[in-house]
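Quick notes on the structure that follows.
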Amino acid sequence: MKTILVTGGAGFIGCNLVRLLVDQPSVRVVNFDLLTYAASYRSIADLDGRDNYCFIRGDIRDADALARAFTEHRPTAVIHLAAESHVDRSIAGPGVFVETNVVGSYNLLEQARCYWNELDAGRREAFRLIGVSTDEVYGSLGDQGAFLESTPYDPSSPYSASKAGADHLVRAYHRTYGLPTIVTNCSNNYGPYQFPEKLIPLMIIRGLAGEPLPVYGKGENVRDWLYVSDHCQALWRVLQNGQPGRTYNIGGGQEMKNIDVVYALCDLLEAFRPAAQNAALRGKSSYRELISFVTDRPGHDFRYAIDASRIQSELGWQPEQSFTSGLQQTVRWYLDNDAWLQHILSGDYRRWIEQNYAQR
């Protein structure tokens, strides 16, 4: 049986990945997560009691906690997702991004190296560590072109700079120590369980509440959108067949201007919950009337686009969801899971965690 240690497995991508992994034959998942503001235990609480699942509340900034996890659970692989991930928050307070994304990643790599060095030859050969990163490390594109795995790093924000630092460490531990690591760089994820500070869930939540929908600048910035389950399938493929020392870009191939994403969300909200039937809109005839253009944020990259041809040709991965189908599923999920959403927004989950996991 494979034992996969997932850091950040209660976050957005993490909880979707954990759900995929626990359903695989002969896989045991150890979920290591601090449960910060952007992670909710409710997203993975239904997995408690499964024979092939274990949750550890832990901080990747705590080397001793990581060492215990390796010693007690003897993982055959690590998928590293734990990170601070919001650009705006990194601009307001970059320190925690450096501590978590750079120092935390170093702690994980160092504990993984010590553990790996003590394995027998067969287990050393089979071990893998995947550092999950972002396309934001590459900086900004103009109207043409796409990021390749060979594109030089040029981060614009403290967030992307901290992720770039983590990526460099992951590669350095392979080149210097031989630790079998792989880096993946993904485009903008969206889908179920995403914390409502990111564009798509924020627009859904504010739209349903009849609140202004803030769009930076003129909404002309372009992103490549990747449905979260497609990303998780790609990570599973990389874990199974990826080559140590390799980098794999993972993108949905669905470029959209931010304003067009907001328009599409408004139209889906209209289809699923018409403005005329939503008292929160206070007489507005359309969700589009809520759109409000606001001052652009500092260092806002113009365009991201991923060339995912390597993972497609080498590992046979292709995204299954179009942006249209993925967005429909996302909006429907938020409409159908109001209890989860209200739990997140109220902060009750923070109190619940402190009551239930203070001693773990």
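If you go through segment 26-36 one residue at a time, do you hit one that is over 20 Å from the mean Cα position of the chain (by Cα), at pLDDT below 95 and not in a strand (DSSP E or B)?
No, that holds for no residue.
Say whether the condition of being in a loop (DSSP other than H, G, I, E, B), surrounded by 17 or more Cβ atoms within 10 Å (Cβ to Cβ) and modelled with pLDDT under 95 is met by at least one residue in segment 175-183.
Taking every residue of segment 175-183 in turn, none turns out to be in a loop (DSSP other than H, G, I, E, B), surrounded by 17 or more Cβ atoms within 10 Å (Cβ to Cβ) and modelled with pLDDT under 95.
State all residues of segment 42-73 that are in a loop (DSSP other than H, G, I, E, B) and either more than 21 Å from Gly11 (Cα to Cα) or in contact with a Lys or Arg (Cβ under 6 Å, 6 or more places away or on another chain) (or both); if no residue qualifies, say none.
Correct list: Asp51, Asn52.
Which residue, of Asn249, Asn189, Asn185, is closer than 20 Å to Arg297 by Cβ and touching a strand residue (DSSP E or B) at 6+ places or on another chain (Cβ under 9 Å)?
Asn189
So for segment 74-85 (the condition being of a type in the set (Val, Ile, Thr), more than 23 Å from Ala161 (Cα to Cα) and assigned to a loop (DSSP other than H, G, I, E, B)), does at least one residue qualify?
There is at least one residue in segment 74-85 that is of a type in the set (Val, Ile, Thr), more than 23 Å from Ala161 (Cα to Cα) and assigned to a loop (DSSP other than H, G, I, E, B).
For segment 248-264, name all the residues that are under 21 Å from Leu202 (Cα atoms) and either touching a Cys at 6+ places or on another chain (Cβ under 7 Å) or of a type in the set (D, E, K, R) (or both).
Answer for segment 248-264, where residues must be under 21 Å from Leu202 (Cα atoms) and either touching a Cys at 6+ places or on another chain (Cβ under 7 Å) or of a type in the set (D, E, K, R) (or both): Glu255, Lys257, Asp260.
Look through segment 278-289, keep the residues that are without any contact (Cβ under 8 Å) to a residue 60 or more places away in the chain and outside any helix (DSSP H, G or I), and return whichever of them is farthest from Asn258 (Cα to Cα).
Gly283
So, in segment 267-305, exactly how many residues are over 21 Å from Asp336 (Cβ atoms), of a type outside the set (Ser, Thr, Tyr) and within 31 Å of the chain's Cα centre (by Cα)?
15
Starting from segment 142-165, take each residue that is under 18 Å from Asp88 (Cα atoms) and list its partners that are among the aromatic types (Phe, Trp, Tyr) and modelled with pLDDT of 95 or more, counting only C-beta distances under 6 angstrom and pairs at least six apart or across chains.
Filtered contacts from segment 142-165: Pro158/Phe97; Tyr159/Phe97; Ser162/Phe97; Ala164/Tyr153.
Which numbered condition in (1) within 15 Å of Phe12 (Cβ to Cβ); (2) modelled with pLDDT under 95 is the only one that Ile204 fails?
Answer for Ile204: the failing condition is (2).
Write out, first by first residue and then by second, each pair whose Cβ atoms fall under 8 Å of each other, whose residues are 6+ apart or on separate chains, and whose first residue, in segment 265-277, is assigned to a loop (DSSP other than H, G, I, E, B) while the second is of a type outside the set (D, E, K, R).
Going by the 8 Å Cβ cut-off, the qualifying pairs are Arg273/Leu208; Arg273/Leu335.
Restricting to segment 118-136, give me the number of residues that are closer than 19 Å to Ile182 by Cβ and either in contact with an Asp or Glu (Cβ under 6 Å, 6 or more places away or on another chain) or not acidic (Asp, Glu) (or both).
12
For the subset of segment 73-129 comprising residues that are loosely packed, with under 15 Cβ neighbours inside 10 Å and touching a strand residue (DSSP E or B) at 6+ places or on another chain (Cβ under 9 Å), which member is nearest to His231 (Cα to Cα)?
Per the criteria, the residue is Ala126.
Out of Glu149, Glu197, which single residue is on the phi < 0 side of the Ramachandran plot, modelled with pLDDT under 95 and not hydrophobic (A, V, I, L, M, F, W, C)?
Unique residue meeting the criteria: Glu197.
Kindly list, by first and then second residue, each pair from a residue in segment 323-349 that is touching a residue at least 60 places away in the same chain (Cβ under 8 Å) to a residue that is outside any helix (DSSP H, G or I) and not aromatic (Phe, Trp, Tyr), limited to pairs with Cβ atoms under 6 Å and residues at least 6 apart or on different chains.
Phe323/Gln254; Thr330/Gly191; Trp333/Pro192; Ile344/Ser40; Tyr349/Ser40
Which residues, counting only those in segment 282-302, are modelled with pLDDT under 95 and aliphatic (A, V, I, L, M)?
Within segment 282-302, just Val294 meets the criteria.
Of the residues that make up segment 290-308, is at least one surrounded by 14 or more Cβ atoms within 10 Å (Cβ to Cβ), part of a helix (DSSP H, G or I) and without any contact (Cβ under 8 Å) to a residue 40 or more places away in the chain?
no
What number goes with the only condition from (1) modelled with pLDDT of 95 or more; (2) surrounded by fewer than 23 Cβ atoms within 10 Å (Cβ to Cβ); (3) in contact with a helix residue (DSSP H, G or I) (Cβ under 6 Å, 6 or more places away or on another chain); (4) farther than 23 Å from Leu5 by Cβ that Glu220 does not pass?
Single failed check for Glu220: (3).
How many residues are within 17 Å of Val294 (Cα to Cα) and in contact with a His (Cβ under 7 Å, 6 or more places away or on another chain) when one looks only at segment 218-249?
Count: 1.
The values are calculated or read from the model by the stated rules, or taken from the named source; none is laboratory data. None of the values given here were measured: they were computed from a predicted structure. Glycine also receives a Cβ, built like all others from the backbone with ideal geometry; neighbour counts cover every protein chain displayed.
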